[in-house]
Every structure is written in structure tokens, then in C-alpha cells.
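Everything below concerns the one structure shown next.
Each value in this text was obtained by applying a stated rule to the coordinates, not by laboratory testing. Just so it is clear, the structure is predicted and the values come from calculations on it, not from any experiment. Cβ atoms come from the backbone with ideal geometry, glycine included; neighbour counts cover every protein chain shown.
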Amino acid sequence: MTEHDTRPARPGAGLGRPRRLGSAPDPDLLDPMEQVSRDMLEEHQLHRLKQTLRHAYDHQDFYRRKCEAAGVAPEDLRELGDLARFPFTTKQDLRAAYPFGAFAVPMDRVVRVHASSGTTGHSTVVGYTRGDIDIWSDLVARCIRASGGRPGDKVHVAYGYGLFTGGLGAHYGAERLGCVTIPVSGGQTTRQVRLIRDLRPQTIMVTPSYLLTIADEFRAQGVDPRSTSLRTAILGAEPWTEDMREEIEETFDLHAVDIYGLSEVMGPGVANECVETKDGLHVFEDHFLPEIVEPVDGTPLPDGRSGELVFTSLTKEALPIVRYRTRDLSRLLPGTARPAFRRMAKVTGRSDDMVVLRGVNLFPGQVEEQVLRIGALAPHFQLVLRRPRRLDELTVRVEHRPEATADARAAAGGLLTAALREHIGVGADVEVVAPGTLERSVGKIRRIVDERTG
Ligand code: DLL
């Protein structure tokens, strides 16, 4: 690093904890909108929100019909709080409009489509005008910079390229920031490792679960992952916990920073953590208005309360989206490193990934926390659901670390069962299996294996 280099230092480098965090970027590096006052931001939001509602109402049939049924029209919005009177948009609305029915511009203005990674039924197709791609690129550039990346850095993109928004979204943002963009996509893990060793990127953009797969491959090749050139990992597209952050930072000696987004709202770059605080993700509120609602009945909840995230786009042209129900669970907090933008707490899970076991609600992230607190266990686990006799049963299948002693391995299962009971209140069987037994992720990981029948 040179004297003028504003990139954050590596976190550990033998310093031990507490981790030395990077410093805030030079204000000259920030977008003007990242530095405005909250009042000025809200003025912008109101102006843009009025435009978005008008655009959606005039050009999105399904949304106009919903507004008519609810008895509201764009002119009813006078202040930001009036948004709560407008109907939600749901995944079902977008599915019913498949493939292009939700587009609000003529097809000759659409320059790109992506599709959501829907696990059930039709996926949803989303579209972008040239202007949308431009703003998306700016926002992902903002994310990389907030994570510690700087123009001239090499960025290894291991999110999948294709209909998934991860690869191309990251790619355009890295180019926009002026980085040397390495478009690797997901998979071919041996090659990922070779490219990291040979091209020496400073930044990697990848799902946290796939980064663990890459770490295994480094070790398999006899290379310590801490010895690589990587100093920043921009991780998202799936939930991951603070314990996982610690695991990954320790494994690679880098800063692990959270990036959030979803295709229906844009793709990656709706919110991102700032490396100097790593305290939740600043929502880019000049382009997206976040709300938290009660997941069952949709009642708006105040900042600080946990519930389902809802987003309204403020500048999108091809697919404006009003009050989109994400099913992601989080809460809104005041801004820190970017004071005007509120933060969203790390997503704890999706309401569709919630397992209800004898009345107790459980998310894979809660199991992840407990697994990672037991030294002998590796961060590779699955939740297997079965229904042997009318009642659901959960088995946590988890790998032990290769270096764990026989005694530690023997004790680990019991420790995890006890921790799950004590901290989450569920009774689960634990099967400790050998390293490399469980399926590895090359993108978004599947944590829940549902073997229930009937
Ligand atoms: O996953 C966009 C993305 C790509 C985000 C790369 C970040 C990095 P979809 O395939 O539409 O888009 O899936 C969106 O993924 O509703 C969340 O459930 C989950 N998700 C995305 N980012 C995070 C995150 C992309 N940082 C769905 N933490 C969202 C937790 C996340 N969950």
C-alpha cells in the first residue's frame, strides 16, 4: 500500500482481535448523494416517489388495477408516509405477468433481461433500460467502494453469469468503478483457485458458501488461503451470519462485507455494508425506499422492529416496483458510515426458509451460529427434515473439521444438540460426518433438505 492508498488494511495480519478496520474513504471518492443530509435526501425521495407511482400507474396494468381496487391514485401521495396507503406488489403479481407483462416501457427501450432464481413455479423475468443498467452499474460501483475496493484493483467475479443478476451486476459495477474485472462466473473451483493465485485479485465477489468451497480447494492444493492476494470479499445472494463473517475473515485474512439485492428490485447493489463499520447494510435510499412490515398482515412497523423488508424503486424505468414484498426478514436502523442512508440489519432469513418444528420457528442461520461456535465443526451443514411418524423431525448433518481430534469429534454432536435446545429451543438429531461428505455450493447454497412425505 502506498501512502495515498485509501484502501482498508487487511483485517488481521497477525494482529489478533479486535480486528483492525479500514478507515472511511476520502469524501472525494463518494457520490454527492452519499453525503447529503437526511432532509435533502427525503426531498429527493418524495420527488422520485411521485414520479415512480405515476409511471407504474400509467404503464403497469396490474399495478393500476390494484390501486383502483384500493381506491388510491398517484396524486394521493403528498408525503412519504402516504406510501403506506398504496397496495403491495407480490411475487405472485410478477408471476402472473410472466414474461413481460410488468414492463412499463415499450420493448424497444429494454436492453437486458434477467430472471429471478425462483425455486418454485415460473421464475420472474425482469427488464432494464439503458438508463437502468447505468444506475445499477453506479450502485454496484458504490458497493465495491464501500467495501474497500478502489479503481485499479483487480476484482474476481465468481457470482454466476447468465440470467442470475449476480455475475453481470457485479461485472458492470466493477468496470464502472475502474477496476480490472475478471469475469470468472461460478463453478470450476480448481480453475477459480488457479486464477486467484495467478492474477492476484484484491477483491472477490461471490456467495459466502461458494467462498468456503474455494477455501477447501486452496487447502486441497496445499495453499494457505491466508496467503492469497485477496483483501476484500463482497458476499451476498444468501443469508450469512456474523459467525460466518468471522470464519471467512479468519480463513482468508480479509474483510468480508455484505451486499444485498434481489432481481425484482434490481439485483445486487440495493444495499451494502461499509467496511469501516461492518454494522449492517446501508440501503441506497436515493434509489430505493425501504419499509418493514409485519410478515403476516403487512402492517407497517417502525424503524428498529424486525419484520419483512419491502422496497419501492425510485428511479427504475423498465420495471418500476412499488412496495415489493421481499419475504426477507430484517430491521431498519439509523445510518452510521453514510449518515443519511438507513441501514438494514443482516438478513436473518427468508420467511419461506423458516422451518416450523413443533411450534418453534427456526432459520438455517440460527443453526449456522451454533455450528460455528463449536471448534470441532466445519461450516458445512444441512438441515434434513423428515416425518417418520406424523411429527416432523430435524436432523442436522454437519461435517467435522479435518484437524478435529477423535475425542473432539465424538463430543461435537452432543454439544450441538445441547446448543440447539438451549439457544433455539428445538430438539434435533445431529449427525457428524467426515469432511467433504456434504454437497458443496457453487452459488446459492441449499441448506434445507426436505424428505417429508405426505
Ligand atoms: O441474489 C441478487 C444478488 C446477487 C445479491 C449477488 C447479492 C449478491 P435473486 O436471485 O433474485 O437476486 O435472489 C434474491 O437472495 O430476496 C434474499 O433472500 C437473498 N439475498 C440476496 N442478498 C442477500 C444477503 C440476488 N446479502 C434473494 N443476505 C433475496 C441475505 C440475501 N440474503
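Per the conditions (1) surrounded by fewer than 24 Cβ atoms within 10 Å (Cβ to Cβ); (2) over 30 Å from ALA215 (Cα atoms), the sole criterion not satisfied by GLU249 is (2).
If you check VAL265 against the conditions, is it in contact with a Pro (Cβ under 6 Å, 6 or more places away or on another chain), assigned to a loop (DSSP other than H, G, I, E, B) and either away from the ligand (no atom under 12 Å from the Cβ) or not acidic (Asp, Glu) (or both)? No; evaluated as a whole, the condition is false for this residue. Here the helices (runs of 4 or more DSSP H) wholly within the range 57-161 that include at least 3 residues being within 16 Å of the ligand (Cβ to nearest atom) and free of Cβ contacts under 8 Å to residues at least 60 places away in the same chain are 91-96, 130-146.
Within the range 178-204, the set of residues being under 19 Å from the mean Cα position of the chain (by Cα) and either assigned to a helix (DSSP H, G or I) or free of Cβ contacts under 8 Å to residues at least 60 places away in the same chain (or both) comprises SER185, THR203, ILE204. Residue pairs whose Cβ atoms lie under 9 Å apart, sitting 6 or more positions apart in sequence or on different chains, and linking a residue in the range 229-241 that is under 8 Å from ASP258 (Cβ atoms) and free of Cβ contacts under 8 Å to residues at least 24 places away in the same chain to a partner that is within 6 Å of the ligand (Cβ to nearest atom) and among the acidic types (Asp, Glu), do not occur here. The residue pairs whose first member lies in the range 320-348 and is under 25 Å from GLN92 (Cα atoms) and without any contact (Cβ under 8 Å) to a residue 60 or more places away in the chain, whose second member is in a loop (DSSP other than H, G, I, E, B) and more than 16 Å from the ligand (Cβ to nearest atom), and whose beta carbons are closer than 7 Å, counting only pairs six or more residues apart or on different chains, are ARG331/GLY304; ARG331/ARG305.
Looking at LEU319, LEU301, LEU333, LEU314 in this structure, which one is on the phi < 0 side of the Ramachandran plot and within 19 Å of the chain's Cα centre (by Cα)? Only one candidate qualifies: LEU333.
Would you mind stating whether ILE259 is assigned to a strand (DSSP E or B) and in contact (Cβ under 8 Å) with a residue 24 or more places away in the chain? It would help to see each step written out before you state the result.
Values: assigned to a strand (DSSP E or B): yes; in contact (Cβ under 8 Å) with a residue 24 or more places away in the chain: yes.
Here the answer is yes, as ILE259 does meet what is asked.
Taking the range 309-324 as the range and being among the charged types (D, E, K, R) and in contact with a strand residue (DSSP E or B) (Cβ under 6 Å, 6 or more places away or on another chain) as the test, the residues that pass are GLU317, ARG323. Applying the condition of being surrounded by 22 or more Cβ atoms within 10 Å (Cβ to Cβ) and not in a loop (DSSP other than H, G, I, E, B) to the range 226-244 and asking which residue is farthest from the chain's Cα centre (by Cα) yields THR232.
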